[in-house]
Amino acid sequence: MKLRIQDNSIRLRLTRSEVEKLAADERVAGSIQFTAAPDDTLAYAVETSSSCAEVRAERTANEIRVTLPRNLARTWATTDLVTIERLQPVGLGALQILVEKDFRCAHRDAASQEGNAADLYPNPTDAVRSLD
């Protein structure tokens with residue numbers, strides 16, 4: 001899972017196997033270790049809940065957690081829908097939450113793709129290029 005934080009938005013990109021885990025009600029998580037201190041990590045996770053009415057993000061001291069309604073996660077996992085998006089009200093503004101399927105990079109050749117390229121979704125522009 002890839003995590004991107006920019007200004008007031010958080011984006012999580014999940015591979016095929018991570019999307020499958022999420023659809024099976026399993027938690028998908030990652031972490032970043034900043035120093036050698038064991039408690040100097042930032043964890044991030046996506047999970048589902050049957051009691052969750054809408055997408056929400058929460059932060060504790062060492063974790064960012066995005067929770068998805070179970071039915072929404074299953075629909076997303078089994079359709080061509082690419083992104084789950086929500087604007088979560090915060091103070092006078094909103095936090096943009098994006099949970100996306102991770103596609104193979106369109107601007108790199110297959111040999112230079114990441115090690116998990118087989119677990120990424122096919123890039124939609126690949127089909128367009130093959131018609132040329």
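Structural remarks
- Being under 22 Å from residue 94 (Cβ atoms) and not in a loop (DSSP other than H, G, I, E, B) is a description that does not apply to residue 22.
- Scanning the stretch 25-55 for residues that are within 13 Å of residue 67 (Cβ to Cβ) and assigned to a loop (DSSP other than H, G, I, E, B) gives 25, 27, 50, 51, 52, 53, 54, 55.
Residues are listed down the side, and each one gets a yes or a no for (1) hydroxyl-bearing (Ser, Thr, Tyr); (2) modelled with pLDDT of 75 or more; (3) part of a loop (DSSP other than H, G, I, E, B):
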residue	(1), (2), (3)
73	no, yes, no
76	no, yes, no
80	no, yes, yes
84	no, yes, no
87	no, yes, no
96	no, yes, no
108	no, no, yes
111	no, no, no
126	no, no, no
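- Hits in the stretch 1-19 (condition: in a strand (DSSP E or B) and closer than 25 Å to residue 80 by Cα): 2, 3, 4, 5, 9, 10, 11, 12, 13, 14
- Considering residues of the stretch 11-65 that are surrounded by fewer than 12 Cβ atoms within 10 Å (Cβ to Cβ) and aliphatic (A, V, I, L, M) only, the residue nearest to residue 96 (Cα to Cα): 53
The values are calculated or read from the model by the stated rules, or taken from the named source; none is laboratory data. Treat the numbers as computed from the prediction; the structure is a model and nothing was measured. Heads up, the Cβs are rebuilt from the backbone with ideal geometry, glycines too, and the neighbour counts pull from every protein chain shown.
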